[in-house]
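Reading through the C-alpha coordinates given below for one structure.
The values are calculated or read from the model by the stated rules, or taken from the named source; none is laboratory data. None of the values given here were measured: they were computed from a predicted structure. FYI the Cβ positions are ideal-geometry reconstructions off the backbone, even for glycines, and counts take in every protein chain you see. Heads up: the accessible areas ignore ligands, DNA and RNA and are worked out on the full protein's heavy atoms, side chains in. Shrake-Rupley method; radii C 1.70, N 1.55, O 1.52, S 1.80 Å.
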Amino acid sequence: YAPPPLGGATHHHHPYSLHTAFYWGKEAHFLFSGWPDGDSGMYALALILVFALAIIAEFLANLNLVKPDSSRVATISFQTGIHAIRAGFGYMVILAVMSYNGGVFIAAVLGHAVGYVIFGSGAH
(Lines give C-alpha, C1' and ligand atoms only; values in the text may rest on other atoms or scores of the structure.)
Protein backbone atom coordinates (compact mmCIF):
# COMPACT_ATOMS: atom_id res chain seq x y z
CA TYR A 1 0.00 0.00 0.00
CA ALA A 2 1.61 3.22 -1.14
CA PRO A 3 0.99 6.54 0.64
CA PRO A 4 -0.94 9.21 -1.26
CA PRO A 5 1.14 11.50 -3.45
CA LEU A 6 2.48 14.67 -1.84
CA GLY A 7 0.14 17.60 -2.21
CA GLY A 8 -2.66 15.38 -3.45
CA ALA A 9 -6.03 15.23 -1.76
CA THR A 10 -6.91 11.76 -2.96
CA HIS A 11 -8.13 9.29 -0.38
CA HIS A 12 -7.71 5.55 -0.80
CA HIS A 13 -9.51 3.09 1.43
CA HIS A 14 -7.22 0.29 2.45
CA PRO A 15 -9.15 -2.91 3.21
CA TYR A 16 -7.28 -3.39 6.50
CA SER A 17 -7.32 0.22 7.67
CA LEU A 18 -7.08 0.75 11.41
CA HIS A 19 -9.78 2.56 13.32
CA THR A 20 -8.81 5.11 15.94
CA ALA A 21 -12.20 5.32 17.65
CA PHE A 22 -14.79 2.75 18.67
CA TYR A 23 -17.19 1.77 15.92
CA TRP A 24 -20.13 -0.62 15.74
CA GLY A 25 -20.76 -3.29 13.17
CA LYS A 26 -19.62 -6.62 11.91
CA GLU A 27 -17.06 -5.10 9.54
CA ALA A 28 -14.10 -5.92 11.77
CA HIS A 29 -10.74 -7.65 11.46
CA PHE A 30 -9.10 -8.93 14.61
CA LEU A 31 -6.87 -11.74 15.84
CA PHE A 32 -6.58 -13.21 12.32
CA SER A 33 -6.24 -11.41 9.00
CA GLY A 34 -9.53 -11.36 7.10
CA TRP A 35 -11.60 -12.65 10.01
CA PRO A 36 -14.54 -12.26 10.59
CA ASP A 37 -14.62 -10.11 7.41
CA GLY A 38 -18.21 -8.88 7.60
CA ASP A 39 -19.86 -12.31 7.91
CA SER A 40 -22.52 -12.13 10.65
CA GLY A 41 -22.04 -15.73 11.76
CA MET A 42 -18.27 -15.39 11.93
CA TYR A 43 -18.62 -12.08 13.78
CA ALA A 44 -20.86 -13.75 16.39
CA LEU A 45 -18.33 -16.60 16.69
CA ALA A 46 -15.52 -14.06 17.11
CA LEU A 47 -17.42 -12.31 19.92
CA ILE A 48 -17.98 -15.66 21.64
CA LEU A 49 -14.26 -16.43 21.26
CA VAL A 50 -13.23 -13.12 22.86
CA PHE A 51 -15.77 -13.66 25.65
CA ALA A 52 -14.40 -17.18 26.30
CA LEU A 53 -10.75 -16.00 26.19
CA ALA A 54 -11.53 -13.38 28.84
CA ILE A 55 -13.25 -15.97 31.07
CA ILE A 56 -10.28 -18.35 30.68
CA ALA A 57 -7.86 -15.54 31.56
CA GLU A 58 -9.81 -14.92 34.79
CA PHE A 59 -9.90 -18.64 35.54
CA LEU A 60 -6.13 -18.93 35.15
CA ALA A 61 -5.58 -15.78 37.24
CA ASN A 62 -7.39 -17.43 40.16
CA LEU A 63 -6.11 -20.99 39.69
CA ASN A 64 -4.35 -22.46 42.70
CA LEU A 65 -3.44 -26.12 42.25
CA VAL A 66 -0.19 -26.13 44.19
CA LYS A 67 -0.15 -28.53 47.14
CA PRO A 68 1.49 -27.28 50.36
CA ASP A 69 3.99 -30.15 50.38
CA SER A 70 5.19 -29.59 46.78
CA SER A 71 8.83 -28.84 46.11
CA ARG A 72 9.72 -25.19 45.66
CA VAL A 73 11.18 -25.73 42.18
CA ALA A 74 8.08 -27.61 41.00
CA THR A 75 5.79 -24.95 42.48
CA ILE A 76 7.66 -22.09 40.82
CA SER A 77 7.83 -23.93 37.49
CA PHE A 78 4.12 -24.72 37.53
CA GLN A 79 3.09 -21.22 38.55
CA THR A 80 5.37 -19.72 35.89
CA GLY A 81 3.78 -21.90 33.20
CA ILE A 82 0.25 -20.99 34.29
CA HIS A 83 1.21 -17.31 34.38
CA ALA A 84 2.64 -17.47 30.85
CA ILE A 85 -0.51 -19.12 29.51
CA ARG A 86 -2.72 -16.58 31.31
CA ALA A 87 -0.65 -13.72 29.89
CA GLY A 88 -1.04 -15.19 26.40
CA PHE A 89 -4.83 -15.33 26.73
CA GLY A 90 -4.87 -11.82 28.19
CA TYR A 91 -2.80 -10.43 25.32
CA MET A 92 -5.10 -12.09 22.78
CA VAL A 93 -8.05 -10.31 24.41
CA ILE A 94 -6.13 -7.03 24.33
CA LEU A 95 -5.27 -7.48 20.65
CA ALA A 96 -8.93 -8.17 19.84
CA VAL A 97 -10.04 -5.05 21.72
CA MET A 98 -7.47 -3.03 19.77
CA SER A 99 -9.70 -3.55 16.72
CA TYR A 100 -11.77 -0.73 18.30
CA ASN A 101 -14.97 -2.65 17.58
CA GLY A 102 -17.60 -1.87 20.21
CA GLY A 103 -18.99 -5.40 20.23
CA VAL A 104 -15.53 -6.88 20.83
CA PHE A 105 -14.93 -4.44 23.69
CA ILE A 106 -18.22 -5.36 25.34
CA ALA A 107 -17.56 -9.11 24.88
CA ALA A 108 -14.14 -8.73 26.54
CA VAL A 109 -15.44 -6.71 29.48
CA LEU A 110 -18.38 -9.07 30.03
CA GLY A 111 -16.08 -12.08 29.77
CA HIS A 112 -13.75 -10.69 32.43
CA ALA A 113 -16.73 -9.78 34.65
CA VAL A 114 -18.32 -13.23 34.32
CA GLY A 115 -14.96 -14.90 34.88
CA TYR A 116 -14.40 -12.83 38.00
CA VAL A 117 -17.85 -13.65 39.39
CA ILE A 118 -17.34 -17.37 38.76
CA PHE A 119 -13.67 -17.76 39.74
CA GLY A 120 -12.41 -14.69 41.56
CA SER A 121 -15.14 -13.45 43.85
CA GLY A 122 -15.17 -16.46 46.14
CA ALA A 123 -18.72 -17.25 45.04
CA HIS A 124 -17.79 -20.69 43.69
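For region 25-124, what is the charge dipole size about the Cα centre, in debye to the nearest 20, if Lys and Arg each add +1 at the Cβ and Asp and Glu each add -1 at the Cβ?
340 debye
Computing the accessible area with a 1.4 Å probe over protein heavy atoms, can you report the carbon and sulfur percentage for region 40-121?
On region 40-121, the fraction of accessible area on carbon and sulfur atoms equals 74 percent.
Beta carbons within 10 angstrom, averaged per residue: use that to sort the peptides 107-119, 32-44, 82-94, highest first.
Final packing ranking: 107-119, 82-94, 32-44.
Using a Förster distance of 41 angstrom, determine the FRET efficiency expected from the C-beta separation of Leu45 and Ser71, and round it to 0.05.
Here the calculated transfer efficiency is 0.45.
Where does the charge balance sit around Phe119 when Lys and Arg score +1, Asp and Glu -1, over other residues with C-beta under 14 Å from its C-beta?
Within the 14 Å Cβ shell, the charges total 0.
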